[in-house]
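Shown next, in structure tokens, is the structure this report addresses.
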Amino acid sequence: MIYHLNGRLIEKHPTHVVIECGGVGYIVSISLTTFEALPSDESIFLNIHMVVREDAQTLYGFATTEERRMFLLLISVSGVGANTARLILSAMDSATASEVIASGDSDVMKKVKGIGAKTAQRIIIDLRDKVGASTGAGGVKSEISTQHNTVKNEALMALTTLGFDKSRVEKTLEQILNKSDSDFSLEALIKQALQKL
């Protein structure tokens, strides 16, 4: 079982990275929270959780052990798979997720794609006693200053990869970009879109 990877960052996308370790390239699925915390240099260290299924072996990477801990708690809940847990941790960091669960705020949890009322309640009931006061990721947020179009296209690709409907994502991104005069970073645009989708 792979516990962590320490190597060279080859590719960086909002939904996944490619890390080269000892001449082998590993594709690692990440949350938006981890994407924001990634360093700007080539050297990278990620905590890993490996999911082995009959048809696939998938690596999930986390910038902090706290985020991995929250991911493992989330996937322990019946009806919450690895991709749903990644969506939750893209919409909020692990500290926020802990607070939401501890306070029993199912309305916030229901805003995440794929989380209905029953699943939100189940997450809160199952995990309320398990989440302690957690510390935030403390990662440095990377600002990507590019033209609207490039950022919009990258956000569209990231959100459709996460399972959102392409035409709905396009409309949402248009609305966000048209309402604001300021330039959005890729992370900020995706976060805004996640709240509206």
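The table that follows gives values for the structure above.
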quantity: Positive minus negative residues near residue 26 (Lys, Arg vs Asp, Glu; Cβ under 14 Å); calculated: 0
quantity: Between region 17-69 and region 156-197, the alpha-carbon center distance in angstrom; calculated: 24 Å
quantity: Considering only the chain, percent of DSSP beta bridges that pair antiparallel, nearest 5; calculated: 90 percent
quantity: Student exercise, region 66-127 dipole from Lys, Arg, Asp, Glu Cβ charges, in Debye to nearest 20; calculated: 300 debye
quantity: Residues 161, 84, sorted so that the one with the fewest Cβ neighbours within 10 Å comes first; calculated: 161, 84
quantity: Candidates 68, 122, 168, ranked by Gaussian network fluctuation over the chain, Cα under 10 Å, top entry; calculated: 168
quantity: Of 106, 98, 78, the one that fluctuates the most in a GNM where the chain has Cα springs shorter than 10 Å; calculated: 78
quantity: For residue 16, residues with placed amide H under 5 Å, excluding near neighbours; calculated: 30
quantity: Environment charge at residue 109 (Cβ cut-off 13 Å; Lys +1, Arg +1, Asp -1, Glu -1); calculated: +2
quantity: Distance (nanometres) between label positions extended 7 Å along Cα→Cβ at residue 82 and residue 13; calculated: 1.6 nm
quantity: Extreme residue, positive dipole direction of the chain, given options 59, 123, 71 (C-beta unit charges); calculated: 123
quantity: Max mean-square fluctuation residue, GNM over the chain, Cα-Cα springs under 10 Å, options 163, 23, 81; calculated: 23
quantity: Read-out Kirkwood radius over Cα pairs in Å, derived from the coordinates shown; its label in (i) 19.7; (ii) 16.5; (iii) 17.3; calculated: (iii)
quantity: Dipole of the chain [Lys/Arg +1, Asp/Glu -1 at C-beta], most positive-end residue of 153, 7, 108; calculated: 108
quantity: Extended-chain gain in nm, criterion 0.36 nm per residue less alpha-carbon gap, residue 121 and residue 51; calculated: 22.7 nm
quantity: Simple label model, 7 Å out from Cα along Cβ direction - residue 65 to residue 128, nm; calculated: 2.9 nm
quantity: Restraint check, 12/196; 152/196; 113/171; 166/191, Cα-Cα greater than 19 Å; calculated: 12/196
quantity: Cα-centre dipole for the chain with unit charges at Cβ (Lys and Arg positive, Asp and Glu negative), debye to 20; calculated: 620 debye
quantity: Where labels lie 7 Å past Cα in the beta-carbon direction, separation of residue 195 and residue 6 in nm; calculated: 3.8 nm
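Just so you know, all these numbers are worked out from the coordinates, no wet-lab data involved. Everything numeric here is computed off the predicted structure, so don't read it as measured data. Ideal geometry is used to build each Cβ from the backbone, glycine not excepted, and the neighbour counts take in all protein chains shown.
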